1. For segment 26-75, which chymotrypsin sites (Phe, Trp or Tyr not before Pro) pass both filters: DSSP loop (anything but H, G, I, E, B) and at most 16 other C-beta atoms within 10 Å?
2. Hey, got the Cα dimensions of the chain along the principal axes, in Å, largest first?
3. Under 26 Å between C-alpha atoms is the cut-off here; go through segment 91-209 and count lysine pairs that meet it, provided they're at least eight residues apart or on different chains.
4. How many angstrom lie between the Cα centre of segment 50-101 and the Cα centre of segment 103-146?
5. Divide by every residue of the chain the summed helix terms, -39500 (n - 2.57) for each DSSP H run of at least 4, and state the resulting mean residue ellipticity at 222 nm, rounded to the nearest 500 deg cm²/dmol.
6. In square nanometres, what is the average projected area of the Cα convex hull of segment 1-61?
7. If you plug each phi of segment 58-72 into the Karplus form 6.51 cos²θ - 1.76 cosθ + 1.60 with θ = phi - 60°, what whole-Hz ³J(HN,Hα) values come out, in order, with x for Gly and Pro?
8. Contour minus end-to-end for H16 and H148, with contour as 0.36 nm per residue of separation and end-to-end as the Cα-Cα distance?
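Read the figures in this text as sums done on the coordinates, not as results from a lab. Since the model is a prediction, treat every value here as computed from it, not as a measurement. When we count neighbours, we look across all protein chains shown, and the Cβ atoms used for this are built from the backbone with ideal geometry, even at glycine.
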Amino acid sequence: MDIVHHTSADVIAAVHISDVYQALTGTKPRQAGIGRFRARAIWRDGDGYNVALDDGRGCWYDHVTGEHGGVLSLVQVVRGGTKQESLRWTADLAGIELTDRPLTLMERERYRLQKAIADREGADVVAWRDGLVSTLREHRNAFLSAYHKARNYVLANGVDTPFANLMADACEFYLRKYQWLDKSIALIEAADWGFLLDWYRRTKNAETA
């Protein structure tokens, strides 16, 4: 009979990260879309649904601490221990028997490169998101300042001045812009990691097209 040799990639491919979270914490995550979930960071006594889980990519992201990673890193952050111990735990969860042979030099190098690429892209996504939010905040605050200036003009000069109607319209315009930008900032800050990653990649592809 042929012996099937399973690798770490086989183990990770056999599980959904939402199921891994539930097995680790005993808590079912809240569905936020197709294959996407929000969950509490029980390992740091988090009380909000600030952890995004993406089954399609097998990744997680903590919107409070910025920590992120894949299936094995989630197991590590919850249970502690080494990556090999996390792999064994995940293999048991999946009902898969791991190959005991050590990784070859080529496999170790491939894993190192894949991890380095993933870590670098993760850091780039966070920096891109933070830069986007910072720019939107600047515009939002500028509209809020303009709103208060127009409002103060109306309050100080009354509604019978030549510019009263113009300033009243300006107040309404500035306020709508401020509210739209404020809502956009909140949505970006609460966005799932998978959504941010897709958006980041589409933006970069459009820039280089």
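1. Y49
2. 94, 41, 27 Å, listed from the longest principal axis down.
3. Qualifying lysine pairs in segment 91-209: 4.
4. 20
5. Computed ellipticity for the chain at 222 nm equals -21500 deg cm²/dmol.
6. Hull-based average projected area comes out at 5.3 nm².
7. x, 10, 9, 8, 9, 6, 8, 9, x, 5, 7, x, x, 4, 5
8. 42.5 nm
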